[in-house]
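Since the structure comes first, as structure tokens, the remarks are kept for the end.
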Amino acid sequence: MQNYNLPAVNFDNTFEGVEFILPSNAIYDLTHAVVKLQVRQNPSTQLIHEFSTPTHLLITLPYTITFLPQLISIPAGTYKWDLKIFFQNGREKTYIGGTWTINPVITR
């Protein structure tokens, strides 16, 4: 799995999004795949939030997954995340993950 730290965002502010381009030699077809990005305190703790296709993540064939711009209301903290692809043929693959910091804000 490739490590990538998502850009920090302030609580209750718009995350500007990020684009992931998978290796062009990936042997799996993203057609009809489901993608989930899960956020947790650490890998063994309860799920904090899940982003998924098609509402929060967009697949652009052949190899691009975009975490769309959106309001982030996850409590301030530093979290672990990863992006898992569920392929139509039943295979599953976690290509990327890392940390994500949600900053506290003063103005509400």
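Every number here is computed from the coordinates shown, using simple stated rules; none is lab data. What you see is a predicted model; the values in this text were computed from it and never measured. We place every Cβ from the backbone using ideal geometry, glycine too, and count neighbours over all the protein chains shown.
Side notes on the structure shown:
- With N counted as the residues of region 2-102, its alpha-carbon radius of gyration over 2.2 N^0.38 Å works out to 1.05.
- A Gaussian network model of the chain, with springs between Cα atoms under 10 Å, assigns the largest mean-square fluctuation among N89, N13, N42 to N89.
- Derived scalar couplings between HN and Hα for region 59-76 equal 9, 10, 5, x, 9, 10, 10, 10, 7, 5, x, 5, 6, 10, 10, 7, x, 4 Hz in order, rounded to whole Hz, by the Karplus curve 6.51 cos²θ - 1.76 cosθ + 1.60 (θ = phi - 60°), x for Gly and Pro.
- Here's how it looks for Y79: its modeled amide H is under 5 Å from those of W100, T101, I102, which are all 5 or more places away or on a different chain.
- Ranked for footprinting exposure by Cβ neighbours inside 10 Å, fewest first, V34, V39 give V34, V39.
- Summary value for region 1-96: 38 percent relative contact order, contacts being C-alpha pairs under 8 angstrom separated by 6+ residues.
- Relative contact order for region 1-52: 21 percent, from Cα pairs under 8 Å spaced at least 6 residues apart, divided by residue count.
- For K36, a cut-off of 16 angstrom between C-alpha atoms picks up these aspartates and glutamates, skipping any fewer than 8 places away in its own chain: E19, E50, D82, E92.
- Qualifying trypsin sites (Lys or Arg not before Pro) for region 1-101 [loop in DSSP, other Cβ within 10 Å: at most 13]: R91
- Calculated from backbone phi, Karplus (6.51, -1.76, 1.60) coupling profile of region 39-47 in Hz, x at Gly/Pro: 10, 9, 4, 7, x, 9, 9, 4, 4
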